[in-house]
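Q: Attaching a single structure in structure tokens format; questions to follow.
The values are calculated or read from the model by the stated rules, or taken from the named source; none is laboratory data. The structure displayed is predicted, hence computed values, not measured ones. Heads up, the Cβs are rebuilt from the backbone with ideal geometry, glycines too, and the neighbour counts pull from every protein chain shown. Only protein heavy atoms, including side chains, enter the accessible area calculation; ligands, DNA and RNA are left aside. Shrake-Rupley method; radii C 1.70, N 1.55, O 1.52, S 1.80 Å.
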Amino acid sequence: MLIYLFSDSGGSPGRVSLGSGRKQSSASSSRSRLPGSSSHACKDFLSKFVDSEILTLTLEDWLSGRSGESGVQQPVLDVPFDLAELKKFDYALEGVAFQQLVRMPNALYASTGAVQAIAHLAIEDFLHAAVKGLWERFWGHESALPFTVQCIHSTSARFYPAEEALARDKLDGVCATAILFKGSRGSGGYSSSRGKWDQILELALLRPDIGSLSARQNDGQRPSHSVLGEALFFALRVMLSRSLSKSRTAAHNSNCMFVLLVDSQYGGVVKVEGDVRTLEFDSSNVYDCAADWIKMNAKITVSPVDRVWNKLGNANWGDVGTLQILLAIYHSIILFCGPPKYALEDLATEHSSRIQSRRSERALTDCSEVGDSTSMVNGNRLFRSQNRGCSPEIVEVQEETVDVRPPEETLKLDIGSVVAMEDADFRKEYEINDFLSDSDPPIYHSNPVDEPSRGYLLYVGSSPSHLEPAWEDMNSWYQVQRQTKVLTLMKQRGLSSKHIPQIVASGRLMHPGECNKPSNGVSCGHPWCGTPILVTSPVGETVSNLIRNGLFGAEDALKCCHDCLTAISAASSVGIRHGDIRPENVIRVTSGSRNPYFVLIGWGHAILEDRDRPSMNLFYSSTFALQEGKLCAASDAESLIYLLYFACGGVSIELDSVEGALQWRESSWSKRIIQQRLGDVSAVLKAFADYVDSLCGTPYPINYDIWLRRLRRVINEDHGKEIDTSG
């Protein structure tokens, strides 16, 4: 099929795409977007890169394995998703009501024009149902759906709904259907109602022979070379358009693109990854350059072609063919909107609790409870029905009443309460004398009963539950168990700083009465039994409370920056990053010291290895954390800048989505609002903000020593006080 697109530039066909971009003060922006000279070359390249058929012919030998070029490897097309990923994704989608209202007509390739029109309407409705269901499942119902679905016309490369194309009698020219990112409401998204190429989240190519061609090719049900070449053409066009975009979100995600291949029954996924900045923009030889980039620099993964729609035109939402399309859309949403509010892993773990509920409905009991030696088959536990009687005849069964009673006691600590904690080696009692405000779950101020002059912070976790882990209070788990692990690891690695809390004790809560906990169990059944406790030092008042009471001044801003940067520097020296810097996690310590100082607490979300994920906060998380779900070298320092900005009177704003938070950061940095506000407090804070901005999103480490020296010099000069550098 010939796809001929008329375009004068790269961003949006016929014009340069316009977005609310940020000035290039940040290295991350300049690295994501093409530089000036390359930008012009790319636009010229795109204006001539218009024929998918020529690219397919150029790649034919390579796709067929007949290429004899030296240094060019034959394509080994792996799959984008394995079966384990699809199973976990399937568990996470349990209960989601996807609903395609326009049915897909059967046998599109033998249909009339009217049926072909219905097919285009059906694929639009399918994509809308898919993206709407995924958004509400993983990102929640609170914010409006930031996507729309439109068709692309081959002769004008304009975007409009299939109904409009049908009304204009232009349906024959529709070459693809796109999910477009329109931004969240009120977040300063794309202003034009017409779609642009850099807004494309994902493309679907509706072709009449995806399933039949893959079967004839006998390549493990992979798409035919002609369809695959067309998919690569569209993927590269979108990636180049994103690289030219003035939207930082689009430009940042120009290295990955999913293309969906569907007909009236079957579907598959093509994923293309690669740095388009490495493409040679030779406008006199665009197709050879594109083919060379695909062969040498792109990673291409292709899913098997599998059934998507049944004979009635309904999508098989729970089958492999549809699941791999949904998973591709899910990953595309993450590229533009950041990590989901509800993690896939957490939702998938709820599958076990649903099995338990189903067992209860069916009155099943675990075979192991009745001593069945064959209770495990292929790693799966067998279950048997409960016997209500031994009579072989049908008998009337009296309805059983279930006595559901609330726990006899629930853990609630009041001022004056005494908590007993036991560890392997000792037992100690702590008296609660205050609460650390703004903490959820609460953090307590406590004193040892035998040493009332000492003050500590006391964290109480969740009681062990018989339910699945996802049902427990994860905030408490991060606050107690995970933070205990992190602080212990710091101690093992020899880290000691007065700006980082120290573990005083950790153990389990002792409850009143006799404990009958079995030797191999974690709880005797008492609501308090086995509850974990963490005790740390020192005690102070949170920065959020200081701000609320008007007690956070310019001197506090400088000292807070110095002390938190000291803590960040010390932790990074042993390979640990905080990942959750906000006013509630910084305390000012006034007792036991000549000069007040700040301590960075709340290390439960600390990043110890690459697979760890930081806490997400729309106000204080770094730009890279919101976009990628992980930290870069400057992320903690960037979060510290946001803390200081709001603490020093920065304008408070309403943020209700990741995209809105990213738009605010882009606008604030480019207009130098953050630097100007911090400059009103101190020139060194303004300079430090500029320095951090230049490193956002890059792998380059922060030079902590030079900024700590500058901060110490300013504090000593302005206030005549020497900073204790022993920490």
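Q: Report the extension gain between Arg710 and Lys299 in nm, rounded to one decimal, defined as 0.36 nm multiplied by the number of residues separating them, less their alpha carbon distance.
A: The Arg710-Lys299 span can extend by a further 143.4 nm.
Q: Just tell me which lysines come within less than 27 Å, Cα to Cα, of Lys671; anything on the same chain fewer than 8 places away is out.
A: The qualifying lysines are Lys23, Lys182, Lys196, Lys246, Lys559, Lys630, Lys686.
Q: Place the peptides 686-693, 294-301 in order of packing, highest mean first, counting for every residue the other Cβ atoms within 10 Å and averaging per peptide.
A: 686-693, 294-301
Q: Along Cα→Cβ, 7 Å out, is where each label goes; now give me the distance between the ones at Glu350 and Asp169 in nm to one decimal.
A: For the pair Glu350/Asp169, the computed spacing is 5.1 nm.
Q: If r is the Cβ-Cβ distance from Lys246 to Ile415 and R0 is 51 Å, what FRET efficiency results, to the nearest 0.05? Please report the intermediate quantities before stating the final value.
A: Details: r = 56 Å, r/R0 = 1.09.
The calculated FRET efficiency here is 0.35.
Q: Each residue of segment 488-496 in turn: what ³J(HN,Hα) in whole Hz from Karplus with 6.51, -1.76, 1.60 and θ = phi - 60°, glycine and Pro shown as x?
A: 5, 5, 4, 5, 5, 8, x, 7, 9
Q: Next question. Rounded, prolate or oblate: which fits segment 527-593 when a ≥ b ≥ c are the square roots of the eigenvalues of the alpha-carbon gyration tensor, with rounded for a/c under 1.5 and prolate only if a/b beats b/c?
A: It is oblate, given that a/c is not under 1.5 and a/b is not larger than b/c.
Q: Ranking request for peptides 50-60, 263-273, 159-169: highest mean number of other beta-carbon atoms within 10 Å first, then the rest in descending order. Can you show the working numbers first?
A: Values: 50-60: 19.2, 263-273: 24.9, 159-169: 16.6.
Highest-to-lowest ranking by the protection proxy: 263-273, 50-60, 159-169.
Q: To continue, here is another question. When the chain is fully extended, how far beyond the present Cα-Cα distance does Lys132 get from Thr278, taking 0.36 nm per residue of separation?
A: 49.0 nm
Q: Taking the full set of protein chains and a 1.4 angstrom probe, give the accessible area of His351 in square angstrom, rounded to the nearest 10.
A: Accessible area, nearest 10 Å²: 40 Å².
Q: Moving on to the next point. What nm distance separates the two modelled labels at Ala687 and Val651, each placed 7 Å from Cα along Cα→Cβ?
A: 2.8
Q: So how exposed is Val238, as accessible area in Å² (1.4 Å probe, rounded to 10)?
A: 0
Q: Express in nm, to one decimal, how much length is gained between Val96 and Gln492 on full extension, taking 0.36 nm for each residue of separation and deducting their alpha carbon distance.
A: 138.0 nm
Q: What does the charge count around Pro538 come to, taking other residues whose C-beta lies under 12 Å from its C-beta (Lys +1, Arg +1, Asp -1, Glu -1)?
A: +2
Q: Pop the C-beta distance of Thr590 and His141 into the FRET formula with R0 = 41 Å and round what comes out to the nearest 0.05.
A: Numbers: r = 44 Å, r/R0 = 1.08.
That pair, Thr590 with His141, gives E of 0.40.
Q: Sticking with this one: Once Lys and Arg get +1 and Asp and Glu get -1 on their Cβ, which of Ala625, Thr698, Tyr597 lies farthest toward the positive end of the dipole of segment 597-725?
A: Final value for the positive-end residue is Tyr597.
Q: To continue, here is another question. Starting from the Cα of Leu83, move 7 Å in the Cα-to-Cβ direction to define the label point; list residues of segment 249-284 whose amide nitrogen is under 20 Å from there.
A: 267-269
Q: Go ahead and run the numbers for FRET between Val76 and Glu53, Cβ-Cβ distance against an R0 of 30 Å, rounding to 0.05. Numbers along the way, then the final one.
A: Details: r = 25 Å, r/R0 = 0.83.
For Val76 and Glu53, the calculated efficiency is 0.75.
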